[in-house]
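Following: one structure in structure tokens, then a few remarks.
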Amino acid sequence: MTLDLSPSTHRSLRRAWTISLTVAMAGIGLLMIFPIVWSVLTAFKPNAEAASASPTLFPQTWTLENFTAIWSAIPFAQLYGNTIIFAGSVMVLSLAFDTMAGYALARFDFRGKTAAFIAIIVMLMIPYQAVIIPLYDLVHSLGLGQTVAGMIVPRSANAFGVFFMRQFFLALPKNLEEAARIDGANEWRIFTRVMLPLTTPALLTLGLFHFQFNWNDLLWPLVMSNTIDGATLPAGLALFAGQHVVEYGLLMAGSVLALIPLILFFLLIQRTFVTGIATTGIK
Amino acid sequence: MRFGSVHTVAGRQARAAWMFLAPGLLLLTLFTAWPLVRTAYLSFTEYSLLTPPEWVGLENYRALLGDDQVTNAFQNTVLYAAVVTPVTIALALALAMALNARFFGRGIVRTAVFVPFVVSLAVVSIAFRFLLDPNYGLVTHWLSAVGLAPTQGALAQPGTAMAAVMAVGVWKNVGFYMVMFLAGLQSIPSDLYEAAQLDGASRLQKFRAVTLPLLSNQTMLVSILAAIASFQVFDQIKVMTNGGPAMSTETLVVLVNRVGISNLEFGYGSAVSVVLLLLILAFSLVQYLYFGRRQVRY
């Protein structure tokens, strides 16, 4: 670029570029959230308007009827409860086991450590979709078929989580635990009192990962529940959408109620979460 | 180390380490490694949950090779991955570069681009289906206003149905990879760009000589993750088209779910799962080797 531009032309070119970038990015931002915004607006439309041959973006009449009707149209409270129990339990259990295993792999020397770490890496690469048939079979033969526990237990440890926590513990300063060891504290005490308080940002990131993955998952709850009562929100709403194709407003009210907790959770810990993703990408 | 007590300390530590490791490792072995072994075994059997698995050798694989629905699902999966993976990566990189520049409202746009990754794809796919509904859909309505609307709706025709589920796939994941690229961009030292500037490099030259090589770590990780996610596509297809019309959007995971689980053909479904697994492993390995050779360290 050897164009000879006067400083003022240069400045106005720069300004034009910034303005067009701002406008273009605002457009992209709106496009990305458009389906969610549309869902929210449609949830407030009366059913006749939601399924109208000349649809509009904004409701002409605002109503709350969909938000009250959804609780009796499908077992929505039951679905909500299942989802909270499923995603919440998996998050808590998996955080506990992932953290402990990651801690062992990062801060101890013992025979078999390398083999155990390689095993974790190999399991990290196995997608659950590809082993879902024996998983389904196994859960049923353990007598846990058609139960929320049957959905939870296979998810209570996660190879990515172990790897993620190992990386985190490796980055902590060496000899943190030495002083406590010299004082004669036992290993469990060192883990809970010395190490765990340092892991909050990693636990928040991994916790949101686990929570959103399981809250949103469709295939596993769909496979593990024969009836809508045993399903989670995505599976239940998908099943309902498959049967009642025209109750748009109602389904959108259900969708919005299913999306809200996660969006709130994310907005609350956005900074930690995004930093967590960014650092996993670099290592 | 001559002192017996040191050995005891080391032994005590090894015991402690195994206590920390055991629960997670046992659960993963039982619910990830064992099902993998079992998938391989079941793929050589005929099994429907009611009777014990019956060994049939290579029968499932022989049947699979002549099965049009497997060929179809395989082709759809590869087509989906071949389009969605590069498009998602290119868009994520472009967005990361745009969102690394300074402009008003940057933080809000970053959040807006990332939000689709957080929300449930299955749930939002219901909205996508409605938006594309031939009679009531808002997007259909807008498209017909400019004369572009497919008469029976986008999801009723094979080509446009595939395009729609692909677009939703890109929409869902692009923000996640954007964040990874953004972190990479922010870690590139600015003096490299200044040096390139002094050498009279153009924007394009700076991108090719500085940005791309220094993002190779992120690009490798993003490519592998994006390809794996594409091969596993299920949610939006299940909700928007259920594999239709005429199986034109049925992918391998959708097929495993329909044949393997809904029809209780566990043996045959396992054989299809093995195909999916090999596809993913082969692809990850190729990408790893390709990028491994081109890795830049500084």
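Since every read-out is calculated from the coordinates, none of them should be taken as a lab result. Treat the numbers as computed from the prediction; the structure is a model and nothing was measured. Glycine gets a Cβ as well: all are built from the backbone with ideal geometry, and neighbour counts include every protein chain shown.
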Checklist entry - Which residue fluctuates the most in chain A, going by a Gaussian network model with Cα springs under 10 Å, if the choices are A:Met224, A:Met25, A:Met151? => result A:Met25
Item to check | Separation of alpha-carbon centers, segment A:47-83 and segment A:132-175, rounded to whole Å | outcome: 35 Å
Next on the checklist: If the only charges are +1 at each Lys and Arg Cβ and -1 at each Asp and Glu Cβ, what is the size of the charge dipole of the protein assembly as shown around the Cα centre, to the nearest 20 debye?
Outcome noted: 2060 debye
Next on the checklist: I'd like the projected area of segment A:143-253, averaged over all directions, using the convex hull of its alpha carbons. Report it in nm² with one decimal.
Outcome noted: 10.0 nm²
Checklist entry - Sorted from fewest to most neighbouring beta carbons within 10 Å, what does the list B:Leu225, A:Leu233 look like? => result B:Leu225, A:Leu233
Checklist entry - Using only helices, what value at 222 nm comes out for chain A when you add -39,500 (n - 2.57) per DSSP H run of length 4 or more and divide by the total residues, to the nearest 500 deg cm²/dmol? => result -22000 deg cm²/dmol
Checklist entry - What is the percent of Cα-Cα separations in chain B that go past 31 Å? => result 49 percent
Item to check | Euclidean distance of C-alpha centroids, segment B:116-171 and segment B:48-107, integer Å | outcome: 20 Å
Item to check | Per-residue ³J(HN,Hα) for segment A:170-178, Karplus 6.51 cos²θ - 1.76 cosθ + 1.60, θ = phi - 60°, Hz, x for Gly and Pro | outcome: 4, 7, 6, x, 5, 6, 4, 8, 4
Next on the checklist: If the reach is capped at under 21 angstrom between alpha carbons, list the lysines near B:Lys238, excluding any in the same chain fewer than eight residues apart.
Outcome noted: B:Lys172
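What shape does segment A:41-90 take by its C-alpha gyration tensor, where a ≥ b ≥ c are the square roots of the eigenvalues and a/c under 1.5 counts as rounded, a/b above b/c as prolate, and the rest as oblate?
Because a/c hits 1.5 or more and a/b exceeds b/c, segment A:41-90 counts as prolate.
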Next on the checklist: Test of understanding: in a Gaussian network model of chain B with alpha carbons linked when under 10 Å, which of B:Trp55, B:Trp18, B:Trp34 would top the mean-square fluctuation ranking?
Outcome noted: B:Trp18
Checklist entry - What net charge do the residues around A:Thr42 carry, taking every other residue with its C-beta under 14 Å from that of A:Thr42, with Lys and Arg at +1 and Asp and Glu at -1? => result -2
Next on the checklist: Students often get this wrong: which residues of segment B:35-55 have the backbone nitrogen under 14 Å from the point 7 angstrom along Cα-to-C-beta of B:Ala63?
Outcome noted: B:42-49, B:53-55
Checklist entry - With chain A treated as a Gaussian network of Cα nodes joined by springs under 10 Å, which of A:Ala50, A:Ala253, A:Ala185 yields the largest mean-square fluctuation? => result A:Ala185
Item to check | For B:Ala154, net neighbour charge (Lys/Arg +1, Asp/Glu -1) across residues whose Cβ lies under 13 Å away | outcome: 0
Next on the checklist: Tell me the Kirkwood radius of segment B:124-169: reciprocal of the mean inverse pair distance over distinct alpha-carbon atoms, in Å.
Outcome noted: 10.4 Å
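Using a 10 Å cut-off around each Cβ, can you sort B:Ser125, A:Ser156 from fewest to most neighbouring Cβ atoms?
So the ranking, lowest neighbour count to highest, is A:Ser156, B:Ser125.
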Item to check | Value of [θ]222 nm, deg cm²/dmol, for chain B, DSSP H segments ≥ 4, -39500 (n - 2.57) each, nearest 500 | outcome: -22000 deg cm²/dmol
Checklist entry - Of A:Gly184, A:Val223, A:Val40, which is farthest on the positive side of the dipole of chain A, counting Cα position, with +1 on Lys and Arg Cβ, -1 on Asp and Glu Cβ, and the Cα centre as origin? => result A:Gly184
Item to check | Sequence-distant residues sharing a close amide H with B:Thr45 (under 5 Å, placed H) | outcome: B:Val56
Next on the checklist: For the protein assembly as shown, place one equal point scatterer on every Cα, skip the solvent, and apply the Debye formula. What is log10 of I(q)/I(0) at q = 0.11 Å⁻¹?
Outcome noted: -1.14
Item to check | Residue (of B:Val113, B:Leu204, B:Leu143) at the positive-pole extreme of the protein assembly as shown, dipole from beta-carbon charges | outcome: B:Leu204
Checklist entry - Once you charge only the Cβ atoms, +1 for Lys and Arg and -1 for Asp and Glu, what is the size of the charge dipole of chain B about its Cα centre, to the nearest 20 debye? => result 1220 debye
Checklist outcome for this item: Nearest-0.05 FRET efficiency for B:Gln13 and A:Thr192 at R0 = 22 Å, using Cβ-Cβ distance, is 0.85
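Tell me, rounded to the nearest percent, the portion of alpha carbon pairs in chain A spaced more than 25 Å apart.
Values: 24778 of 39903 pairs.
Counting every Cα pair in chain A, those more than 25 Å apart make up 62 percent.
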